[in-house]
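Structure first, commentary second.
The values are calculated or read from the model by the stated rules, or taken from the named source; none is laboratory data. Predicted model only: the values in this text are computed from it and were never measured. Cβ placement follows ideal geometry from the backbone for every residue including glycine, while neighbour counts extend to all protein chains displayed. When the accessible area is computed, the model is the full protein with side chains, heavy atoms only, and any ligands, DNA or RNA have been set aside. Shrake-Rupley method; radii C 1.70, N 1.55, O 1.52, S 1.80 Å.
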Amino acid sequence: QVQLVESGGGLVQAGGSLRLSCAASGRTFGGSAMGWFRQSPGREKEFVAYNSGIGGTTIYADSVKGRFTISRDNAKNTVYLQMNSLKPVDTAVYYCAAALGVASTKSSQYTYWGQGTQVTVSS
């Protein structure tokens, strides 16, 4: 059974940092695209970043570019999201996801999802 488990969320003041982790089990995702999405109340799930796996291409949403960094440790089957200079608008539940096909900014292209971790940024 494939599982993605996020951790590292919490409450932080504006300007602060958090590092999210997503540990995968049940299969190896070393060559797979891994992404982070987020969803705040009343809004659609929003793309944040992905790492393509093979080739290591990383893509970010414009809203987080320069502040967030996605990385992965294939030996640990884990992907990370380092979030710096956090803003109140970054408040959301953050989800990691794994795709069986090519990397994408569309949530529909991802097959496996974690349960989410809450990030709250206070002003």
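The table below lists the values:
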| quantity | calculated |
| --- | --- |
| Pairs with Cβ under 8 Å, 6+ apart, first in region 94-123 and without any contact (Cβ under 8 Å) to a residue 24 or more places away in the chain, second open to solvent by less than 20 Å² (accessible area, probe 1.4 Å) and basic (K, R) | none |
| Some residue of region 25-32 being modelled with pLDDT of 95 or more and out of contact with any Asp or Glu (no Cβ under 9 Å at 6 or more places or on another chain) | no |
| Considering residues of region 58-76 that are crowded, with 18+ Cβ neighbours inside 10 Å and under 23 Å from Q3 (Cβ atoms) only, the residue modelled with the highest pLDDT | I70 |
| Residues located in region 92-108, provided they are within 12 Å of F37 (Cα to Cα) and surrounded by fewer than 21 Cβ atoms within 10 Å (Cβ to Cβ) | V93, S104, T105, K106, S107, S108 |
| Selection within region 46-71 - touching a residue at least 40 places away in the same chain (Cβ under 8 Å) and of a type in the set (D, E, K, R) | E46 |
| Every residue from region 6-42 that is over 22 Å from I59 (Cα atoms), open to solvent by 40 Å² or more (accessible area, probe 1.4 Å) and assigned to a strand (DSSP E or B) | L11, Q13, S25 |
| Of the criteria (1) closer than 20 Å to Q39 by Cβ; (2) of a type in the set (S, T, N, Q); (3) in a loop (DSSP other than H, G, I, E, B); (4) open to solvent by 60 Å² or more (accessible area, probe 1.4 Å), which one S85 fails | (1) |
| Yes/no for V79 being over 28 Å from S123 (Cβ atoms), in a strand (DSSP E or B) and open to solvent by 60 Å² or more (accessible area, probe 1.4 Å) | no |
| Qualifying residues in region 43-57 (those that are of a type in the set (V, I, T) and loosely packed, with under 15 Cβ neighbours inside 10 Å) - the one farthest from the chain's Cα centre (by Cα) | I54 |
